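The values are calculated or read from the model by the stated rules, or taken from the named source; none is laboratory data. Keep in mind it's a predicted model, so treat the numbers as computed, not measured. Don't worry about glycine lacking a Cβ; one is built from the backbone with ideal geometry, like all the others, and counts go over all protein chains shown. Remember, those area values only see protein heavy atoms, side chains included, never the ligands or the DNA or RNA. Shrake-Rupley method; radii C 1.70, N 1.55, O 1.52, S 1.80 Å.
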Amino acid sequence: MKTKDRKIICNCCGKTLWEGAGIPREEFLHVEKEWGYFSGKDGEIQEFDICEACYDQWVKSFQIPVRTIEITELV
Ligand SMILES: [Zn+2]
């Protein structure tokens with residue numbers, strides 16, 4: 001994430017997830033990957049942000065479902 005770029009947009013649908021200062025209004029997935037020697041993208045860093053709706057659609061396309069762990073806390 002570039003520090004001067006104070007806007008987070010879903011790379012999938014283009015929705016603005018967060019802009020300016022303060023706390024993001026909604027949750028999103030941030031992925032940052034530094035590709036190494038064994039990839040075809042050696043020396044590149046790629047990053048993207050995905051909103052929750054697009055994330056849900058994305059993981060639905062997986063062959064193996066994501067593992068869900070319920071966080072149970074005593075109130
Ligand atoms: Zn989206």
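Observations on the model:
- Yes/no for Glu19 being of a type in the set (Asp, Glu), within 16 Å of the ligand (Cβ to nearest atom) and surrounded by 11 or more Cβ atoms within 10 Å (Cβ to Cβ): yes
- Check on Cys51, at pLDDT 95 or above and either hydroxyl-bearing (Ser, Thr, Tyr) or open to solvent by 80 Å² or more (accessible area, probe 1.4 Å) (or both): no
- Residues satisfying the stated conditions in region 30-48, i.e. in contact with a strand residue (DSSP E or B) (Cβ under 8 Å, 6 or more places away or on another chain) and open to solvent by less than 100 Å² (accessible area, probe 1.4 Å): His30, Val31, Lys33, Trp35, Glu44, Gln46, Glu47, Phe48
- Consider region 54-65 and keep the residues that are within 15 Å of the chain's Cα centre (by Cα) and open to solvent by less than 80 Å² (accessible area, probe 1.4 Å). The one that is nearest to Val31 (Cα to Cα) is Tyr55.
- Figure legend. Inter-residue proximity from region 8-24: first residues touching a residue at least 24 places away in the same chain (Cβ under 8 Å) and under 13 Å from Phe48 (Cα atoms), second residues within 14 Å of the ligand (Cβ to nearest atom) and among the small types (Gly, Ala, Ser), beta-carbon distance below 6 Å, spacing 6+ or different chains. No pairs are indicated.
- Checking each residue in region 43-53 for being within 11 Å of the chain's Cα centre (by Cα) and more than 10 Å from the ligand (Cβ to nearest atom) picks out Glu47, Phe48.
- Which numbered condition Ser61 fails, given (1) out of contact with any His (no Cβ under 7 Å at 6 or more places or on another chain); (2) within 13 Å of the ligand (Cβ to nearest atom); (3) of a type outside the set (Val, Ile, Thr): (2)
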